[in-house]
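The values are calculated or read from the model by the stated rules, or taken from the named source; none is laboratory data. Bear in mind that the values here come from a model prediction, so they are computed numbers and not experimental data. Positions of Cβ are backbone-derived with ideal geometry, glycine not excepted, and every protein chain shown enters the neighbour counts. All accessible areas refer to the heavy atoms of the entire protein, side chains included, with ligands and DNA or RNA removed. Shrake-Rupley method; radii C 1.70, N 1.55, O 1.52, S 1.80 Å.
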Amino acid sequence: MDPGVYPVRATAEAALARDDLFVLEDAGKVCGAGIINKMQVDSYSSGKWNHDAADDQVCVLHTLVISPHRAGRGYGSAFVEYYETYAKDMGCVELRLDTNARNTAARAMYKKHGYTEIGIVPTQFNGIPGVNLVLLEKYLGT
């Protein structure tokens, strides 16, 4: 991660203040973190989602980061599995998230977990111009 480039410390502090920052630890060491809530980012309004769901039934995973020192050990998958269980417990039927189109590792992991890429939205993301966000969803309803 580049200093001063999203995600920054303020991103985590704001999530901590909202009580929607989740941290993955193993043997007392932080391996990853992410934000889980029902707040859909502005770019999601451009998405052609396959499933309509009321806003209070949509759970969103934001800013999943895994320590580079812990990469390749299944922590990303473990976090996604936790997110899905948490969303179900909150009564959500639709899961949404996004990732940078260049993040092929994340895209492959999400696909492995049953997420569908519904489109790519060009945007300026958190002050970074020229970002192509891949929008993904997974429907938990029947």
Next on the checklist: Limiting things to C-alpha atoms, what are the Rg and the maximum Cα-Cα separation (Dmax) for region 8-58, in angstroms?
Outcome noted: 14.4, 41
Checklist entry - Where the accessible area of the chain is counted over protein heavy atoms with a 1.4 Å probe, how much of it, in %, is carbon and sulfur? => result 50 percent
Next on the checklist: Over region 70-142, what is the relative contact order in percent, taking alpha-carbon pairs closer than 8 angstrom and at least six residues apart?
Outcome noted: 35 percent
Checklist outcome for this item: The set of residues whose placed amide H lies less than 5 Å from the amide H of Cys31, leaving out same-chain residues fewer than 5 positions away, is Leu24, Glu25, Asp26
Checklist outcome for this item: In order over region 119-134: 3J(HN,Hα) from phi, Karplus 6.51/-1.76/1.60, θ = phi - 60°, whole Hz, x for each Gly or Pro, gives x, 10, 10, x, 7, 9, 10, 6, x, 9, x, x, 8, 9, 8, 8
Item to check | Listed candidates (i) 22, 19, 15; (ii) 24, 20, 13; (iii) 28, 16, 13 - label of the one calculated as semi-axes √(5λ) of the Cα gyration tensor in Å | outcome: (i)
Next on the checklist: Could you tell me which residue out of Phe22, Ile66, Leu135 lies farthest along the dipole of the chain toward its positive end? Charges go on the beta carbon: Lys and Arg +1, Asp and Glu -1, centred on the Cα centre.
Outcome noted: Ile66
